[in-house]
Protein chains: 2
Amino acid sequence: MPKSKTPTPEPKRTRQPDVTRRNILDAALVEFAAKGLSGARVDEIAARSGSNKRMIYEYFGNKDGLWLTVLERAYERMREEEHAIDVARMSPVEGMRYLMEFNFKFCSRNPEFIALLNAENLHKASFLKNSKKIRELYTPLLVVITDLLQRGQREGVFRKNVDPVELYTTIAALGFFYFSNIHTLSTIFGRNLLSPKQQKVRLDHSIAVVLGYLRP
Amino acid sequence: MPKSKTPTPEPKRTRQPDVTRRNILDAALVEFAAKGLSGARVDEIAARSGSNKRMIYEYFGNKDGLWLTVLERAYERMREEEHAIDVARMSPVEGMRYLMEFNFKFCSRNPEFIALLNAENLHKASFLKNSKKIRELYTPLLVVITDLLQRGQREGVFRKNVDPVELYTTIAALGFFYFSNIHTLSTIFGRNLLSPKQQKVRLDHSIAVVLGYLRP
DNA sequence: GAATTTCGTAACTGGTCAGTTACTTCTTCG
DNA sequence: CGAAGAAGTAACTGACCAGTTACGAAATTC
C-alpha cells in the first residue's frame, strides 16, 4: 500500500525511513565506487550510513538489490542534471562547446559514477539489463545534440550527414575515458592528470577536435 | 642465480616451469578480466591453468603478485604489437587512418585488456605505480603519432600546433571507450554494439572525427 | 640407484563476510 | 498511558576463500 502523506504538518520526526534509505544509498555509492561490487562490504556500508545491516536488508533485500538501486539512482541523477541543460538560445557552436564542457565536468565531478559504470560493464551490464527503470533513461543529451546538429547544418556552420548517436558517443568518450583511465594514464605519462591545469588542456583539446571535425 | 640454457638439446621434458608459469598467467588473465581482482578466485585460476595453487604461490607469492604480473604482461603484449607498426612509408593521412584502425581493433580483439585496465583504475593504479617494468612501457604509438603529425604538418595536410600526447589520448579514448562501455551502451541504446556492422560504423566515424579535426 | 630437487594433491587453518535472528528500544496513535 | 509495530543492536551461522602444510610422486643429478 503506497503511503499517502498525512495532512498533519509533521511534528518532530525521529523516524525517517526516507532519510535512512537515502543515507544507506549515499554510503553504498561511496563504498561500491571505491571497491566494486565484490570488493564492497555490507558491514562497511551499514557503518558509514549511520544505520545498520538490518535496515539494508529490509529496504533492499540483498547486496545485489542494493547495487541495482545505487546504479539506477546514479543514472537518474545524471539525467536530472542533463535535463537542466538549455542550449536552445545559444548558437550551434556555442551550444556544442557548452555541452562538451558540461559532460566533461560532470565526469570530473562524479568519479563514483565513472567507477560504477565500469564495474557494471565488468558484469556485462547484467544488472542494468534487468532494470525496469532504465528504459526511460535514454539520455536527454542525445536530444539536445540532435537539435544542435540540425541547426548547425541549416546555418551552414556544421558539416552534413553527422549521425547524432555517433557524435554523442564521441563526446561521451572524450569526457569519460580521461577520467576513467586517469590513474593509469597519469602513471604512464608521469603527469598528474587530476590537476585542474591538465584538465583544462584536455577539455580544450576535446572541444577543438569535435568542432574541428564539425566544420563543413 | 639465473638459469643458463644447457647445451644439451632437451630430451622429452615433462618438467616445464616456463610452460606452467605461462599457463597460470593465461588462466589468471581470463579469471581476473571476468571478475576483477577481488572477484577472481585463486582456486578457479589453479583449476583452469591445469596446474595447482601450490605452483601459483611458488611463482607469484600471492594473489596481488599474480595480478601485477598479469597486468605487466598485458601491457607488454600491447607494446609488442604496437612495435610492429610501420607507417613510415604511408602518407600522413593513410598512416593516421591505419593507426586508428589498429588501436580500435586491438581493443576489439583484447577485451581482457580493457577489463584489466578498468579494474586497475578502480584501485587507482596502485599496482602499476609499484611496477618497476612500467617505466619502459611508454607506448610506441606515441612516437609514431608524433612522426605522422610532423610530416603531415610539413606537407600541409594537417593543421599546426597539435599536441601529440593530446591526440594520442583522443585516439585511445575513441577506441577504448566504445569497448569499455559496450554493455551499458548496448543496453541504453537498445542495439548490439558487439556486432561487426556496428563496430565498422563506429570506427569509420572515429576516423572521420580525427581526420576532420586534423584538416588545416 | 640413491640423494636431491621439483611438482602435485588434498586436506586444513584462520579469517572474512553475506545474511539471519533474538531481543531491546523507541515512536506512534488510540 | 499502553498496545502495536517500527527501528536498532549485536551476536551468530554457515559458506567461502586466501594462503599453508604434510606428504607423496616424479624427475634430475651425481
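The values are calculated or read from the model by the stated rules, or taken from the named source; none is laboratory data. Please read these numbers as outputs of a predicted model, since none were measured by experiment. Cβ coordinates were reconstructed from backbone atoms using ideal geometry, including for glycine residues, and neighbour counts include every protein chain displayed.
Quick notes
- Search result, residues across the stretch B:146-177 that are in a loop (DSSP other than H, G, I, E, B) and on the phi < 0 side of the Ramachandran plot: B:VAL157, B:PHE158, B:ARG159, B:LYS160, B:VAL162, B:ASP163
- Hey, A:GLY156 closer than 17 Å to A:VAL209 by Cα, away from chain B (no Cβ under 11 Å) and either modelled with pLDDT of 95 or more or surrounded by 16 or more Cβ atoms within 10 Å (Cβ to Cβ) (or both) or not: no
- Residue count, the stretch A:64-80 (criterion: within 21 Å of A:SER180 (Cα to Cα) and surrounded by 15 or more Cβ atoms within 10 Å (Cβ to Cβ)): 10
- Number of the condition not met by A:ALA46 [criteria: (1) within 15 Å of DNA strand D (Cβ to nearest atom); (2) buried (at least 16 other Cβ atoms within 10 Å of the Cβ); (3) over 14 Å from A:THR20 (Cα atoms); (4) more than 13 Å from chain B (Cβ to nearest Cβ)]: (3)
- Checklist (1) at pLDDT 95 or above; (2) away from DNA strand C (no atom under 13 Å from the Cβ); (3) within 28 Å of A:LYS124 (Cβ to Cβ); (4) surrounded by 13 or more Cβ atoms within 10 Å (Cβ to Cβ) applied to B:ARG109, failing item: (4)
- Restricting attention to the stretch A:178-208 and to residues that are polar (S, T, N, Q) and in a helix (DSSP H, G or I), the residue that is farthest from the other protein chains (Cβ to nearest Cβ) turns out to be A:GLN199.
- Checked against (1) within 28 Å of B:GLU166 (Cα to Cα); (2) in contact with a helix residue (DSSP H, G or I) (Cβ under 8 Å, 6 or more places away or on another chain); (3) modelled with pLDDT of 90 or more, A:LYS124 passes all but a single condition, namely (1).
- Pairs, first acidic (Asp, Glu) in the stretch B:145-167, second surrounded by 13 or more Cβ atoms within 10 Å (Cβ to Cβ), C-beta under 6 Å, six or more apart: B:GLU166/A:HIS205
- Subset of the stretch A:123-133 that is outside any helix (DSSP H, G or I) and at the interface with chain B (Cβ under 7 Å from one of its Cβ atoms) - its residue that is farthest from B:VAL30 (Cα to Cα): A:ALA125
- Which listed residue, of A:GLU94, A:GLU82, A:GLU72, A:GLU136, is touching a Pro at 6+ places or on another chain (Cβ under 6 Å), away from DNA strand D (no atom under 16 Å from the Cβ) and part of a helix (DSSP H, G or I): A:GLU82
- Picking from residues in the stretch A:49-62 that are crowded, with 16+ Cβ neighbours inside 10 Å, within 11 Å of DNA strand C (Cβ to nearest atom) and more than 22 Å from the chain's Cα centre (by Cα), the one that is nearest to the other protein chains (Cβ to nearest Cβ) is A:ILE56.
- The single condition from (1) surrounded by 14 or more Cβ atoms within 10 Å (Cβ to Cβ); (2) out of contact with any helix residue (DSSP H, G or I) (no Cβ under 6 Å at 6 or more places or on another chain); (3) under 30 Å from A:VAL19 (Cβ atoms); (4) at pLDDT 95 or above that A:VAL93 fails is (3).
- Test result for A:GLY65, within 13 Å of DNA strand C (Cβ to nearest atom) and within 13 Å of chain B (Cβ to nearest Cβ): no
- Screening the stretch B:63-81 for residues that are in contact (Cβ under 8 Å) with a residue 60 or more places away in the chain and not aliphatic (A, V, I, L, M) and picking the one that is nearest to B:LEU142 (Cα to Cα) gives B:ARG79.
- The stretch A:28-43, subset charged (D, E, K, R) and assigned to a helix (DSSP H, G or I), residue nearest to DNA strand D (Cβ to nearest atom): A:ASP43
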